[in-house]
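Accompanying notes for the structure given below.
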Ligand code: NCD
């Protein structure tokens, strides 16, 4: 059996590996912040990015992460690739594999695309988002942002992998409540976060109109105003209009009137507010809250580069 590791879902990494990954990500962050060059574990390594869905943050974040580690990027232009001429994804994969890349980062509208690809290649596959299924590096950067706020000191004390519990390893995070708000049923970000955050002992509450909720055993609510007062973290999600077959809400304005994260909704709760981007301003989160110091949306973007550097280093080097 091949010992190549992939990152298709958050459950591909053990809790112990995630803690080590976060230590490394924070080391990278310090170096990046002080403009100190990092070591170059990806020198002479080639990483292919192939994104069949649009992306601003994730693609540039991965590419910057590869460059920061000294690696080379080959970005496959999907509009010009042979997949658009009818080649199957497994044939595209076999051809990419024949170029001997050191990793392939893929985003695809179909759930399972990365998993499927991993059967056809001899290098790590990193899932940059597959349909509504999974977006593991987004959930990892979200959790790192939460830990940085509530449990940084405790994280730093967890150095010895043997002592790290597989469930709820950080007391400062365990029992913290997070509201995941919006189009949960269509969100790969929500899916990955539900697995990861519950593994770290957080209580996840899904807040959405009924047609945006999946079948779940988690607590649910359609009353953001009430829930916002009792949580430590609010994670707002974009309405995934591209994944809707039909318009299933009156209008985005109606939706926003109940689910937009506003100053009034947050009140003086000292919680933090997250969003994976792209934000629909004044529909997901209003302008004022985005400017508030409780909003960690840009911190998430910074952490994204560092988490991806640590993941690439772990999987490739
Ligand atoms: C998310 C995605 O593409 O899954 N964005 C991201 O990766 N930063 C969320 C979204 O598109 O709404």
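The values are calculated or read from the model by the stated rules, or taken from the named source; none is laboratory data. Predicted model, so just to flag it, every value in this text is computed and none were measured. All Cβ positions, glycine included, derive from the backbone under ideal geometry; neighbour counts span all protein chains shown.
Couple of notes before you dig in:
- Candidates 3, 77 - the one that is out of contact with any strand residue (DSSP E or B) (no Cβ under 6 Å at 6 or more places or on another chain), more than 16 Å from the ligand (Cβ to nearest atom) and not assigned by the TED database to the domain that holds residue 113: 3
- Extreme residue, nearest to the ligand (Cβ to nearest atom), among residues of the stretch 225-249 that are surrounded by fewer than 16 Cβ atoms within 10 Å (Cβ to Cβ) and closer than 23 Å to residue 175 by Cα: 225
- Near pairs, Cβ below 6 angstrom, 6+ apart or cross-chain, from the stretch 43-56 (under 28 Å from residue 279 (Cβ atoms)) to any residue that is assigned to a loop (DSSP other than H, G, I, E, B) and within 15 Å of the ligand (Cβ to nearest atom): 53/109
- Of the helices (runs of 4 or more DSSP H) lying entirely inside the stretch 250-317, those carrying at least 3 residues that are away from the ligand (no atom under 15 Å from the Cβ) and within 27 Å of residue 220 (Cα to Cα) are 252-259, 263-266, 287-291.
- Matching residues, the stretch 59-74, being more than 18 Å from residue 313 (Cβ to Cβ) and either within 16 Å of the ligand (Cβ to nearest atom) or assigned by the TED database to the domain that holds residue 153 (or both): 59, 60
- Number of the exception - residue 165 against (1) over 24 Å from residue 268 (Cβ atoms); (2) within 16 Å of the chain's Cα centre (by Cα): (2)
- Breaking point among (1) within 16 Å of the chain's Cα centre (by Cα); (2) at pLDDT 95 or above; (3) surrounded by fewer than 16 Cβ atoms within 10 Å (Cβ to Cβ), for residue 25: (3)
- In the set (1) free of Cβ contacts under 8 Å to residues at least 40 places away in the same chain; (2) at positive phi, residue 182 fails one condition alone, (1).
- Taking the criterion of being surrounded by 16 or more Cβ atoms within 10 Å (Cβ to Cβ), away from the ligand (no atom under 16 Å from the Cβ) and assigned to a helix (DSSP H, G or I), the residues of the stretch 198-224 that qualify are 199, 224.
- Residues (under 19 Å from residue 297 (Cα atoms), buried (at least 19 other Cβ atoms within 10 Å of the Cβ) and within 16 Å of the ligand (Cβ to nearest atom)) located in the stretch 28-58: 58
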